[in-house]
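The values are calculated or read from the model by the stated rules, or taken from the named source; none is laboratory data. The shown structure was predicted, so the numbers you read here are calculated from the model rather than taken from an experiment. Because the Cβ atoms are built from the backbone with ideal geometry, glycine has one as well, and the counts that use them run over all protein chains shown.
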Amino acid sequence: MSYSAVIWDFGGVITTSPFAAFNRMERERGLPEDSVRRINAADPDSNAWARFERSEIDADAFDALFAEEAARTGVALCGRDVLACLAGDVRPRMVAALDVLKVKGFRLGCITNNVPSGRGAGMAVSEEKALRVEDIMSRFDHVIESSKVGVRKPDPRIYAMMCEALDVVPKSCVYLDDLGINCKPAAAMGMVAIKVSGEEHALADLGSVLGFEEGWL
């Protein structure tokens, strides 16, 4: 199969996963591990997190609504404390992979579920990180942010929007995401979906799918 486009998630793929930051915060506060993940798993399409990613509520409303949802699980945690953990660290090899793929002529897209918080698409907490993310985003032919379009993964519409923007068909695309629930719609449309559990394996899997030689990066 000949592929013409590689579509990327951002947080957890180009950057380290926010889930690791959530777990550190939970340990520091003496909260049960994966508290944030469990809160966000309840009513996943209509909870405070989902609504904020679609820009249906602002940061103040998210702060209060998330605290209410957390309280129902027996956890004392407000939304603003969660937002402070969102901006991960850039993975340089992933950025290098973008540059290699660009040289090889692949179309590059980024679909990110984000919220209107922090600075830029990566929700950075500092100007330096915001500029770094902006530089990375400039490598993509098209970027879709859930908070700007009002649609979030795993809604199939957001993947179709990217295909239309890149002028490609799904079966010519490879998609990378750190969440299996977001990989499933891409695969159902005909894309090759790679679940990113780590940088090394993801790049090896991508190279294998695209027919690159071992150690291509």
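Side notes on the structure shown:
- Entry remark, region 174-200: residues being surrounded by fewer than 18 Cβ atoms within 10 Å (Cβ to Cβ) and within 22 Å of Val103 (Cα to Cα) number 2 in total.
- Enumeration of residues in region 35-93 that are touching a Ser or Thr at 6+ places or on another chain (Cβ under 9 Å), assigned to a helix (DSSP H, G or I), among the acidic types (Asp, Glu) and surrounded by fewer than 17 Cβ atoms within 10 Å (Cβ to Cβ): none
- Any chance Ala67 is in contact with a Cys (Cβ under 7 Å, 6 or more places away or on another chain) and over 23 Å from Arg132 (Cα atoms): yes
- The condition of being more than 24 Å from Gly180 (Cα to Cα), surrounded by 18 or more Cβ atoms within 10 Å (Cβ to Cβ) and modelled with pLDDT of 95 or more holds for only one of Leu101, Leu31, that being Leu31.
- The criterion of at least 3 residues that are in contact (Cβ under 8 Å) with a residue 24 or more places away in the chain is met by the following strands (runs of 3 or more DSSP E) wholly inside region 100-217: 107-112, 142-145, 173-177.
- If you go through region 1-28 and pick out every residue that is surrounded by fewer than 17 Cβ atoms within 10 Å (Cβ to Cβ) and not in a helix (DSSP H, G or I), you end up with 3.
- With respect to being out of contact with any helix residue (DSSP H, G or I) (no Cβ under 6 Å at 6 or more places or on another chain), free of Cβ contacts under 8 Å to residues at least 12 places away in the same chain and either part of a strand (DSSP E or B) or hydrophobic (A, V, I, L, M, F, W, C) (or both), Ala96 falls outside the description.
- Taken over region 104-156, the residue count meeting the criterion of being surrounded by fewer than 16 Cβ atoms within 10 Å (Cβ to Cβ) and among the hydrophobic types (A, V, I, L, M, F, W, C) is 2.
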